[in-house]
1. Return one whole number: the accessible area per residue of the stretch 197-335 in Å², for a 1.4 Å probe.
2. What value, in deg cm²/dmol to 500, does the helix sum -39500 (n - 2.57) over DSSP H runs of n ≥ 4 give at 222 nm once divided by the residues of the chain?
3. To the nearest 0.05, how large is the calculated FRET efficiency for residue 55 and residue 1 if R₀ is 25 Å and r is the Cβ-Cβ distance?
4. So how much slack lies between residue 325 and residue 210, counting 0.36 nm per residue of separation and subtracting their Cα-Cα distance, in nm?
5. How big is the antiparallel share of DSSP beta bridges in the stretch 125-286, given as a percent to the nearest 5?
6. Take 25, 269 and sort them by solvent-accessible surface of the protein heavy atoms, 1.4 Å probe, largest at the top.
7. Filter the trypsin sites (Lys or Arg not before Pro) in the stretch 160-243 to those in DSSP coil with at most 14 other Cβ atoms within 10 Å of their Cβ, and list the result.
8. Using the Kirkwood formula over every pair of different C-alpha atoms, what hydrodynamic radius in Å results for the stretch 218-335?
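The values are calculated or read from the model by the stated rules, or taken from the named source; none is laboratory data. Since the structure is predicted, the reported quantities are computational estimates derived from the model, not experimental observations. In this analysis, Cβ positions are derived from the backbone assuming ideal geometry, glycine residues included, and neighbour counts consider all displayed protein chains. Only protein heavy atoms, including side chains, enter the accessible area calculation; ligands, DNA and RNA are left aside. Shrake-Rupley method; radii C 1.70, N 1.55, O 1.52, S 1.80 Å.
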Amino acid sequence: MPAVLGFEGSANKIGVGVVRDGKVLANPRRTYVTPPGTGFLPGDTARHHRSVILDLLQEALTEAGLTSQDIDCIAYTKGPGMGAPLVSVAVVARTVAQLWNKPLLGVNHCIGHIEMGRLITGATSPTVLYVSGGNTQVIAYSERRYRIFGETIDIAVGNCLDRFARVLKISNDPSPGYNIEQMAKRGKKLVELPYTVKGMDVSFSGILSFIEDVAQRMLATGECTPEDLCFSLQETVFAMLVEITERAMAHCGSHEALIVGGVGCNMRLQEMMETMCQERGARLFATDERFCIDNGAMIAQAGWEMFQAGHRTPLSESGVTQRYRTDEVEVTWRD
């Protein structure tokens, strides 16, 4: 019964998780939160991660009721993500692997999300909508690869939401996306925004530029409220995501849809996806904030699958990469 320890720190979340044979034994996490109107810089984020990662490691072992002798493998996020935070976590993972004399595994962050979603929901072969601050992709498995059917051609949907939050000075605590979701529930007017779907791909930079240009004027003249803008942005970008996901499901003949990534926590997105799935006679799978948002257990779970399939990462190849596409990884652990 292998137990895998996973380190995740590709953005402003830092987590350490422990998974043993499909059971999450521990999954503590910390978030680097910046003041309203600001984002998180790589150097500052890395310093935050370094300041808490050893405490998280001890917390994870204690919560799991394990010692270093009980761990069979160390997994860490190899990429994609922000350079400095990735490096800060990879250094700790490499050090722990050598101190404890354990094999090391570099995990693709996106595949970590997918494998955690499959584990928690029980979805067998879903079309995956992966939506986060750094990535937006529609994915399906075929012939040992997670194939990307559609994606953003510029910025991720989560990045669009985060930057919109800065325009309105919306709090980053607990996250900009969560606060936008709560404000959107009070919105009453749908403001027409650019809707950009290009085949199987989407674009969010135009809608963001439009809002940055008109938001303050519209608010000053009383044309709409901040809540109306939050509501309108959600309805527009989520409709775009539902459209390309449905198109991918039609192409694949899929009867399952799985939402993963931090934006996947949004209940309005889940509601819109659920409606689409019901109309297609399909089933929607989604997780809550424990597993949607970046966490160590998802890296541990993907690492567990890779470990069981015989994967190992030599120390000489245990670097990180900010660009690491989902379809670059050979998925040897699935039929």
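1. Normalised by residue count, the accessible surface of the stretch 197-335 is 44 Å².
2. When only DSSP H runs of four or more count, the value is -14500 deg cm²/dmol.
3. 0.40
4. 38.5 nm
5. In the stretch 125-286, approximately 55 percent of DSSP beta bridges are antiparallel ones.
6. The ranking, largest first, comes out as 25, 269.
7. Taking the stretch 160-243 and a limit of 14 other Cβ atoms within 10 Å, the loop trypsin sites (Lys or Arg not before Pro) found are 169, 185, 186, 188, 189.
8. Result for the stretch 218-335 stands at 17.5 Å.
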